[in-house]
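Notes for the one structure printed next.
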Amino acid sequence: MGLRNSEIIICRNIKLDKDYKNVLSYTESEMLTLCRQNAVASATDYSFIRKERGYIKTSFSYTDALKCNYLAFQNKDYSNKWFFAFIDDIEYLSDGTCAINYTVDIFSTWWDYWVQEPCLVLREHVLSDNIGEHTFPENLEHGPYMCNNYTEIGGYDVEQCYTVVATTWLPTNTPGLTPTQYYGGVFSGVYMIAFPTKTDATNFLLAIDGLGRASSIVAVFMAPANICVPNTSFQADLVSKANNMDGTIVDKTYHINALFIGNNNGVMSDYGDITVSINNTLNGYTPKNKKLYSWPYNYLLVTNHVGGNAEFHYEDFIGNTPIFNIIGVLSVGCSIKLYPKNYNLIADSPTSNPGFNSGIIAAKFPVCSYKSDSFVNWMTQQTVNRTMSKVSTATKIVSTLATGTDDVTSGGLFSQQANYVSEVYEHSLVAPQAMGSLNGAEVTFARNEQNFGFYKMSIKEEYARKLDAYFNKFGYQVNEIKLAEQTTRPYWNFVQIGSYENIGYSNNNNVSIPANDMENINKIYRNGVTIWHDHANIGNYSLDNTIV
């Protein structure tokens with residue numbers, strides 16, 4: 001007669017499922033304790049219980065058996081090993097007997113009997129979660145972007161700008177000038193003169209126009225004061241021609257103050273390092289999973305307000321802290337650039353800056369229009385020629401009267417004078433001409449937006465909240481060959497491995513896992529499994545599951 005010393009425990013409220021979506025990281029002794037704590041009935045007088053058979057006749061009442069969803073059994077005469085199983089069905093046999101159909105819970109049964117090996121881990125709850133540490137794409141819908149905060153850097157209004165005149169000619173009565181034609185190391189065929197006030201600029205343009213030198217003005221443009229490094233400051237009184245209201249030409253003295261711009265390396269350092277902090281929230285939501293602070297969920301957008309945009313990722317800056325610098329070189333419209341420092345996770349050095357190519361060019365500063373009084377300019381240019389012409393004409397008149405030649409009445413002399421008067425009259429009708437060029441910079445300059453705009457962008461609160469819940473439940477996409485993280489969180493770990501990967505192998509000197517069971521354990525991990533560390537909290541995703 002066979003020994004009848006095998007033990008069976010039937011228990012209820014065990015929150016595990018046959019699909020192995022939720023499992024426990026309990027040792028064999030912990031599982032046994034859980035079963036005893038939730039036992040409805042137990043007995044120790046059974047003959048050998050065959051796990052492969054899948055059913056057993058018991059002396060438990062049908063009523064007690066119906067209360068249970070789980071069981072544990074041990075054939076202690078042959079082994080100390082406990083087996084755990086799901087109750088599939090209960091069959092009534094008699095008032096004191098029922099048959100229980102069961103399926104062995106291979107995960108809980110063999111948890112202590114295998115060891116991990118490195119494999120391709122697709123998803124898991126990571127061991128550490130610092131901002132910028134995990135950026136592997138998730139391929140999840142993140143919705144539209146919202147602006148969390150806006151800041152302007154590098155703005156220049158009229159009070160912070162000079163009017164610069166680029167000219168090929170300099171007045172002779174401006175002592176102390178040291179002409180240079182290198183600006184930011186770039187050769188220029190013109191001289192740059194900066195005027196702190198609009199009155200000074202206007203006076204200089206009127207004076208140079210009255211001197212008949214309007215054609216020497218190549219350009220007039222606005223420029224930030226800090227890019228106009230002076231070589232020499234000077235004051236001068238320029239005597240020039242001016243057109244009175246009655247049409248007569250008179251001499252006029254124009255007083256000007258100016259800066260003659262010298263050789264300039266072009267580095268704008270008035271702002272120093274420009275530091276931009278990372279968002280504390282995403283559209284008002286504070287995520288638990290730090291991956292949401294990285295691209296594509298959170299980033300910095302920089303614009304020059306005229307269609308130029310640059311996108312920067314916080315995680316690509318050392319310390320996740322964006323730092324920028326602004327440099328500029330004086331030229332018509334100015335050449336100014338903002339670029340990131342310590343970017344692409346490489347520290348800057350005195351000889352290199354890896355982020356320079358990732359910068360953004362500022363909008364051009366306004367190229368100004370300016371007027372030239374064509375009549376005064378033309379009269380000034382013609383003064384010498386007309387004086388010589390008058391001498392020649394007077395000589396010709398005397399000669400005509402002496403010889404009796406009727407050139408005067410025949411249209412010669414008076415015809416020439418009539419043409420001259422007509423020419424003067426035509427020029428006096430020409431309105432002052434608009435010279436130079438106009439561009440879209442005037443719009444941004446007029447709105448005091450001649451600067452760089454920093455938009456702290458993130459996904460909407462709705463999407464951030466849903467993605468955070470998803471990461472909270474299923475971890476991150478890691479796609480890395482490694483040992484899976486199974487017990488690194490306080491309440492649960494999710495793990496999914498590749499379709500053809502093996503999570504581990506049997507490694508117990510006393511009991512080996514059957515090959516079919518080990519293969520099914522691998523399938524559990526291939527499908528993705530949530531490993532809970534506390535039975536009482538299975539399914540409670542509201543718990544704080546941050547890294548321990």
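A few notes on this one:
- Each peptide in 193-201, 537-545 was scored by the mean count of other Cβ atoms within 10 Å over its residues; highest first, the order is 193-201, 537-545.
- Two-site FRET efficiency, residue 103 against residue 63, from Cβ-Cβ distance with R₀ of 25 Å, rounded to 0.05: 0.65
- Among the trypsin sites (Lys or Arg not before Pro) in the stretch 1-32, those located in a DSSP loop and surrounded by at most 11 other Cβ atoms within 10 Å of their own Cβ are 18.
- If you take the Cα centroid of the stretch 114-128 and the Cα centroid of the stretch 515-539, the two points sit 13 Å apart.
- For the set 15/51; 67/523; 18/81, the pairs lying more than 24 angstrom apart at their alpha carbons are 67/523.
- Euclidean distance of C-alpha centroids, the stretch 303-343 and the stretch 36-55, integer Å: 72
- Protection-proxy order for peptides 137-144, 115-122, each taking the mean of Cβ atoms within 10 Å per residue, highest first: 115-122, 137-144
- Loop-resident sites, the stretch 1-74, for GluC sites (Glu not before Pro), counting at most 13 other Cβ within 10 Å (DSSP): 52
- Spin-label model, residue 288/residue 225: points 7 Å from Cα along the beta carbon direction are separated by 5.4 nm.
- Net lengthening on full extension, residue 7/residue 140 (0.36 nm per residue, minus Cα-Cα): 42.9 nm
- Debye, to nearest 20: dipole size of the stretch 1-155, +1 on Lys, Arg Cβ, -1 on Asp, Glu Cβ: 800
- Fully extended contour minus Cα-Cα distance, from residue 133 to residue 88, at 0.36 nm per residue: 11.7 nm
- Segment residue 151-residue 281, extension gain: residue separation times 0.36 nm, minus the distance between their alpha carbons: 45.1 nm
A short reminder: the numbers here are calculations on the coordinates, not readings from a lab. Note that this is a predicted model, so its numbers are computed, not measured. Note: ideal-geometry Cβ built from the backbone for every residue, glycine included; neighbour counts use all protein chains shown.
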